[in-house]
Every structure is written in structure tokens, then in C-alpha cells.
1. Just to be sure I understand, how many residues within the range 75-90 are surrounded by 17 or more Cβ atoms within 10 Å (Cβ to Cβ) and either acidic (D, E) or out of contact with any helix residue (DSSP H, G or I) (no Cβ under 7 Å at 6 or more places or on another chain) (or both)?
2. If you check E307, E334, E325, E279, which single one turns out to be at pLDDT 95 or above and over 24 Å from V386 (Cβ atoms)?
3. Any residue at all in the range 265-287 that is under 19 Å from I219 (Cβ atoms) and touching a Ser or Thr at 6+ places or on another chain (Cβ under 6 Å)?
4. Taking the stated definitions as given, is R378 surrounded by fewer than 20 Cβ atoms within 10 Å (Cβ to Cβ), part of a helix (DSSP H, G or I) and not hydrophobic (A, V, I, L, M, F, W, C)?
5. Among the residues of the range 210-238, which ones are at pLDDT below 95 and part of a loop (DSSP other than H, G, I, E, B)?
6. Evaluate the following for I20: is it aliphatic (A, V, I, L, M), closer than 29 Å to A306 by Cα and either modelled with pLDDT of 95 or more or assigned by TED's automatic domain parsing to the domain that holds N178 (or both)?
7. Check the range 129-151 and report whether any residue there is outside the structural domain of V441 (by TED's automatic domain parsing), at pLDDT 95 or above and within 21 Å of T37 (Cα to Cα).
8. Can you find, within the range 432-447, the residue that is farthest from the chain's Cα centre (by Cα) among those that are in a helix (DSSP H, G or I) and touching a residue at least 12 places away in the same chain (Cβ under 8 Å)?
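The values are calculated or read from the model by the stated rules, or taken from the named source; none is laboratory data. Everything numeric here is computed off the predicted structure, so don't read it as measured data. Please note: Cβ atoms are built from the backbone with ideal geometry, for glycine as well, and neighbour counts cover all protein chains shown.
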Amino acid sequence: MEAGLRDRLQRKGAAPKVGIVHLGPGAFFRAFVAVFTEDAMAARGGDWGILAVSLRSPTARDQLGPQGGTFTAVELGPDGESPRVIGAVARVLVAPEDPGAVVAAMADPAVRIVSLTVTEKGYCHNPATGQLTLDHPDIAHDLAHPDAPTSAPGFVVAGLARRRAEGTPPFTVLSCDNLPSNGALVRGMVLAFARARDPDLAQWIADTVRFPATMVDRITPATTPADVDRLAATLGYRDPGLVVHEPFGQWVIEDDFPQGRPDWDAGGAQFVASVEAHETMKLRCLNGTHSTLAYLGYLAGHETIAEAGADPPFAALCERLWAAEILPTIAQPEGENLPDYCAALLARYRNPAIRHRTWQIAMDGSQKLPQRLLGTIRDNLASGRVPAGLCLAVAGWMRYVGGVDEAGRPIDVRDPLADRLRAASDGADTPEGKVAALLAVDAVFDAALAGDAQFRDAVTVAYRRLVADGARRAVEGYLA
């Protein structure tokens, strides 16, 4: 088996024919989209090879190029590791090096899907309003240089414009990012950009292009040098493109692909008419508690989610949040048992083989909070409930972005608004002042929620407790 894996990593035969262009070939794409696509082609064939496009860094190309696009995906289960080599990626382009080549690839009639995993910030929008940020530097650049774009919306529109000009049917645009209504979101960003560029093009896109929504779920920790060294020691080859992931994977997809699609259901994907109930379940139950554990767990000294999930007060925190504050806001998805789903989440969190760092999950919180926590808080408030646990999570985020942990050590805050958030926190001397200053950041909090007295008071109480007692005792206080 070891020799077979090694031989496959150095691709001997022809790469699969490209049918998909994917923007954002990071770890999640490799451990999720590429794996499902590999399974689909293995089970039922089809020319669905992936041309992966990095919008910024050459890292993915430098890692995968010498290996012909192949890489190792290692499943990390409680009982051990299971490696496999994935060959679904045909090649990798680095967009800044040749944006024209990316646009040309999208215009190829053989390409029937353009998919994306570019994270929240890659859509160049305001998460609080859901609108495209037209003065975003990348968007402004792309409107001035439409044939040499830099942003995901710019590339998608450039590819569609080329296909329209050449009389080629449009590709389907498939967001695989962990965002609510991600199909509607990417459609809105693409149409807003297209309207600013050419209203006739925007109308053609609105009339002809499909943007199916998806719900994605697989924990994919950041690959470490130790992971690469361990593979080399056990299987005899080094793979700088290695990714690691948990055994669980759920992909729910709206089945709306006029030009065809891979049979992703061969790998376990679910095709449905609407993903709304499933994505709400996942964003609130999983991602909401993941972020909660990230901020409060980090502050309490837990390096990983597994450590936090094994700590009884933090496990009880998740269970209380699900039962009292999250599940009451969720409609029943077809085929799901919500209490069982939450119990499975806690088991996944506790998987000791997954070293998913709290610091990693805490990244880009200003982009994540509106989807993961604030919507649930609004629904509770609208139903007459003050969700003290979720407000504690928001206070944990506020304490975290202040940039100093409970021992006075600096926190490496990675967030597109990091400087603005730190300035807001540093500009006040009291918990009340810090909470007020951060609630005034309208890129995160809309005016109605920021102005809600019950919400503001609950977050302030929680922030005071974090400062006075620390995160672990604050969690215990919530449970008391």
C-alpha cells in the first residue's frame, strides 16, 4: 500500500480533464470538495477534473505542481489515521501571475462549474448588510481593470462576460463556503459587481446563471510540520500538500446545474431542493458553538477544541447552549434528529486526533459573528428570551480582539478589522466603554441589535465577569 500511495502521488498518467474551476485551493477545499469529486469520478466517471486557482499566494501551486496536482488526505479518527492520495486536481494556477489565463480557463466550454472556498472576506462584502463593498480595494481595481481582476467576484464576472461574448452557455457558480444562503450571497455579489461594470451583462447573468446553495461540514485542522513528518516516517514520502481531516463529512447541495455536475452523491453528498434548514442547523449548532469554544476556550488556556470539549464546564456550556438558546430558533430539517445531531457534534469536538486550534477558529471573527452567533441572538430576543450564554460568547470575542489574554500576554488577532477592533477596545477604560465601542463597529453589529438594551446589558455583564473572574469561572457562572 505504501508504494502505491507513493506512486500515485507522483502522477504517472494523464491528469483528469477539467470540468471545474475552483477559486481558493486551501485545506478545506482539498479535504472536502476535492475528496467528494475524487469519489464521484471513481464511482461514476465524468470529466470533472479541477483547475484550482489561488487568488493570492503561490503556496498551493508550489506544493501541488511538482506532484501533478495530487496530494494526500489523512483521515484522523479516534482509532488512528487513514491516508489516501487524491487526484481530482488537474493543475493549479496563481491568479496574480496571469489573471488572463484564469479568465480563459473559465471561458472554456468544457468548464461547467466554477466553485469557491474563499472564506467570508473573499466575497468583498459587508457581513452586517450583505452588500458588496464597492470601494473595497480589490473591487475598485477590478472595475477599473475588468480583464485583469484580483477578486473572486471580479473573476467570476470576467469569466461569464467572456462566455457571453463567445456565445458559450454560462457555468454554474457554486459557493462551498460556510455561509448562510451562500448561493444567494455569491449571486448578489456577482450581480452587484456586474451592474457596476455593465448593466446588460448583469441582466444576462440574472437570467441565465444558476447559483445553487450548499451546506458544508468537515473539520479540517491546519496541517502542521509534524503531520508532514509523520507521513514521511510511516509511508516513506513527503507531501507538502498534505491535508488532515476528521472522518465526518456532510455536503448538502441544491440540485440546480443546467450544464451538468459530478455525481457527488456517490461520496455521500445529499442533493435537495433547498438547503436552508440544514445550513441553519449547522451554522448555529456547530459553527456557533465552535466559535464559542474558540474564544472562551482560548481565553481559558485551551489550545485545541478537543481540549475544550473534554473540559466538563465547556462541554456543559455547549449542551446548555444547544438546548436552551440554539435549538429553539431552528426549524426541523428533513431527516435530522436535532438532539442526536448535537450529541454527535460534541463527540466530534472531543476527537483527540483532531488538533483544531482555538486560535485558528478564532480568525476572522468580525466576518463570522453575524452568521454564527448574532442571528441566533436576534431570534431569541424576538421571542422574549435573553440568551445569556451566547452573549457570553460575544463578550469572549470582545475580550479576545482586545489583543491581550488573561495572563497579560499579547494575542495574535488575525482579522480584517483587527486594527479597528483593537483601537475601539483600547479607546475605553471600563468594561461598559469597551462593549459600547465594539458594538458601534457597524461592520459587525447592525444598529438595531447594537441598540437593544437587553443585549447590550447582557454582553456588558458577561464582559465584566470575564475581566473579574476569567473565562472558565465565567462559564461556570453561566451554568450555575
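1. Selection size over the range 75-90: 3.
2. On the way: E334 fails: at pLDDT 95 or above; E325 fails: over 24 Å from V386 (Cβ atoms); E279 fails: at pLDDT 95 or above.
Just a single option satisfies the conditions, and that option is E307.
3. yes
4. Numbers: surrounded by fewer than 20 Cβ atoms within 10 Å (Cβ to Cβ): yes; part of a helix (DSSP H, G or I): yes; not hydrophobic (A, V, I, L, M, F, W, C): yes.
Taking the combined requirement at face value, the residue satisfies it.
5. Answer for the range 210-238, where residues must be at pLDDT below 95 and part of a loop (DSSP other than H, G, I, E, B): R218, I219, T220, P221, A222, T223, T224, G236, Y237, R238.
6. Working: aliphatic (A, V, I, L, M): yes; closer than 29 Å to A306 by Cα: no; either modelled with pLDDT of 95 or more or assigned by TED's automatic domain parsing to the domain that holds N178 (or both): yes.
Here the answer is no, as I20 does not meet what is asked.
7. Scanning the range 129-151, I find no residue that is outside the structural domain of V441 (by TED's automatic domain parsing), at pLDDT 95 or above and within 21 Å of T37 (Cα to Cα), so the answer is no.
8. Within the range 432-447, the first condition is being in a helix (DSSP H, G or I), and the residues that meet it are 432-439, 447.
Retained after the next criterion (residues that are touching a residue at least 12 places away in the same chain (Cβ under 8 Å)): 432, 434-439.
On the way: E432: 32, K434: 28, V435: 27, A436: 28, A437: 27, L438: 24, L439: 24 Å.
My answer is E432.
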